[in-house]
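Engineer: Starting off with a structure, shown below.
The values are calculated or read from the model by the stated rules, or taken from the named source; none is laboratory data. This is a predicted model, so every value here is computed, not measured. Positions of Cβ are generated from backbone atoms using ideal geometry, with glycine treated the same way; all protein chains shown enter the neighbour counts.
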Amino acid sequence: MSRKDPLRKGAGEKEDEAHVIVGSYPGTGKIEQVGQGKGEGTTLNLPLPGGSGDYAMRCVFDEVIAPCAQRFKPDIILVSAGYDAHVLDPLAGLQFTAGTYYMLASSIKQLAKELCKGRCVFFLEGGYNLQSLSHSVVDTFRAFLGEPSLAPEFDDPAILYEEPLSKAKQVIQKVKHLHSL
């Protein structure tokens, strides 16, 4: 993370090359905002289209986040774990499920094992639907403990709708091109 305040808007845009910022707050972070000076290329924004869910996030992780982390070789992975992308949450307009968060936590755990001796810290952030927040946090912990997901008990596939996959793939391709991934 930045030696400056890493949580303020614009972190990663200064001339600090010691970190990579991956942002995902609704309505912020344009794809083209990649940092500047010595920090150019260290800010990675992934503005997924509304309605993106499990499949889009798996593609983003596999095609963008993991390769970027492997190139950067962090000493520790710090995760600002927001749960407001859940389909039941009123904020983000996305379709993540407890299963999405389980997949992300499992994948991040594996990435931390490969890159930084398992060093990884999750910080609880947003999430405004208490039911989806609690289910998703439980599944995140289960992933880190190596226990099976409870997503089949938590998630209701009947409330999901078709993801805008072509739009999501366009965003992914643009980010990959911009960051030479």
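Engineer: Is one or more of the residues making up the range 138-147 more than 22 Å from S80 (Cβ to Cβ) and either surrounded by 14 or more Cβ atoms within 10 Å (Cβ to Cβ) or modelled with pLDDT of 95 or more (or both)? Explain how you work it out, then say what you get.
Structural biologist: Step one: of the range 138-147, the residues more than 22 Å from S80 (Cβ to Cβ) are 146-147.
Cutting the leftovers down to either surrounded by 14 or more Cβ atoms within 10 Å (Cβ to Cβ) or modelled with pLDDT of 95 or more (or both) gives us 146-147.
Yes.
Engineer: Kindly establish whether A81 is crowded, with 17+ Cβ neighbours inside 10 Å, within 26 Å of E163 (Cβ to Cβ) and modelled with pLDDT of 95 or more. Working first, answer last.
Structural biologist: Working: crowded, with 17+ Cβ neighbours inside 10 Å: yes; within 26 Å of E163 (Cβ to Cβ): yes; modelled with pLDDT of 95 or more: no.
Answer is no for this residue.
Engineer: Residue by residue through the range 46-88, note down the ones that are within 21 Å of C120 (Cα to Cα), outside any loop (DSSP other than H, G, I, E, B) and of a type in the set (D, E).
Structural biologist: If the condition is that a residue be within 21 Å of C120 (Cα to Cα), outside any loop (DSSP other than H, G, I, E, B) and of a type in the set (D, E), then D62, E63 are the ones that fit.
Engineer: Let me ask another. State the number of residues belonging to the range 118-139 that are assigned to a helix (DSSP H, G or I) and not β-branched (V, I, T). Step through it out loud before you land on a result.
Structural biologist: Applying the first criterion (assigned to a helix (DSSP H, G or I)) to the range 118-139 yields 130-139.
If we keep only those that are not β-branched (V, I, T) too, we end up with 130-136, 139.
Going through the range 118-139 one residue at a time, the tally reaches 8.
Engineer: Report whether or not S107 is more than 23 Å from G35 (Cα to Cα), among the hydroxyl-bearing types (S, T, Y) and in a loop (DSSP other than H, G, I, E, B). Working first, answer last.
Structural biologist: Details: more than 23 Å from G35 (Cα to Cα): yes; among the hydroxyl-bearing types (S, T, Y): yes; in a loop (DSSP other than H, G, I, E, B): no.
Taking the combined requirement at face value, the residue does not satisfy it.
Engineer: Is one or more of the residues making up the range 90-98 modelled with pLDDT of 95 or more, among the β-branched types (V, I, T) and in a loop (DSSP other than H, G, I, E, B)?
Structural biologist: Checking the range 90-98: at least one residue is modelled with pLDDT of 95 or more, among the β-branched types (V, I, T) and in a loop (DSSP other than H, G, I, E, B).
Engineer: Continuing with this model, one more query. So S106 clears everything in (1) free of Cβ contacts under 8 Å to residues at least 40 places away in the same chain; (2) in contact with a Pro (Cβ under 9 Å, 6 or more places away or on another chain); (3) under 17 Å from R58 (Cβ atoms); (4) not aromatic (F, W, Y) except one condition, right? Which one?
Structural biologist: Unmet for S106, out of (1) free of Cβ contacts under 8 Å to residues at least 40 places away in the same chain; (2) in contact with a Pro (Cβ under 9 Å, 6 or more places away or on another chain); (3) under 17 Å from R58 (Cβ atoms); (4) not aromatic (F, W, Y): (2).
Engineer: Considering only residues of the range 153-166 that are touching a residue at least 12 places away in the same chain (Cβ under 8 Å) and in contact with a helix residue (DSSP H, G or I) (Cβ under 9 Å, 6 or more places away or on another chain), which is surrounded by the most Cβ atoms within 10 Å (Cβ to Cβ)?
Structural biologist: For the range 153-166, the residue satisfying everything is D155.
Engineer: Conditions first: (1) in contact with a Gly (Cβ under 9 Å, 6 or more places away or on another chain); (2) at pLDDT below 95. P157 passes all but one, so which condition is the exception?
Structural biologist: Result: P157 fails condition (1) only.
Engineer: Would you mind stating whether I172 is within 30 Å of V34 (Cα to Cα), surrounded by 15 or more Cβ atoms within 10 Å (Cβ to Cβ) and in contact (Cβ under 8 Å) with a residue 60 or more places away in the chain?
Structural biologist: Working: within 30 Å of V34 (Cα to Cα): yes; surrounded by 15 or more Cβ atoms within 10 Å (Cβ to Cβ): yes; in contact (Cβ under 8 Å) with a residue 60 or more places away in the chain: yes.
Yes; evaluated as a whole, the condition is true for this residue.
Engineer: Same structure, new question: Check off (1) surrounded by 14 or more Cβ atoms within 10 Å (Cβ to Cβ); (2) part of a helix (DSSP H, G or I); (3) modelled with pLDDT under 95; (4) of a type outside the set (S, T, N, Q) for L181 and give me the number that stays unchecked.
Structural biologist: (2)
Engineer: Let me spell it out: the conditions are (1) over 15 Å from the mean Cα position of the chain (by Cα); (2) at pLDDT below 95, and I31 meets all of them except one. Which number is the exception?
Structural biologist: For I31, the exception is condition (1).
Engineer: What pairs come out if I take residues in the range 33-47 that are closer than 16 Å to R71 by Cα and pair them with residues that are surrounded by 16 or more Cβ atoms within 10 Å (Cβ to Cβ) and among the basic types (K, R) whose C-beta lies under 9 Å away, six or more apart or interchain?
Structural biologist: G39/K14
Engineer: Let me ask something additional. Looking at D54 and the list (1) out of contact with any Cys (no Cβ under 8 Å at 6 or more places or on another chain); (2) at pLDDT below 90, which single condition is not satisfied?
Structural biologist: Status for D54: all satisfied but (2).
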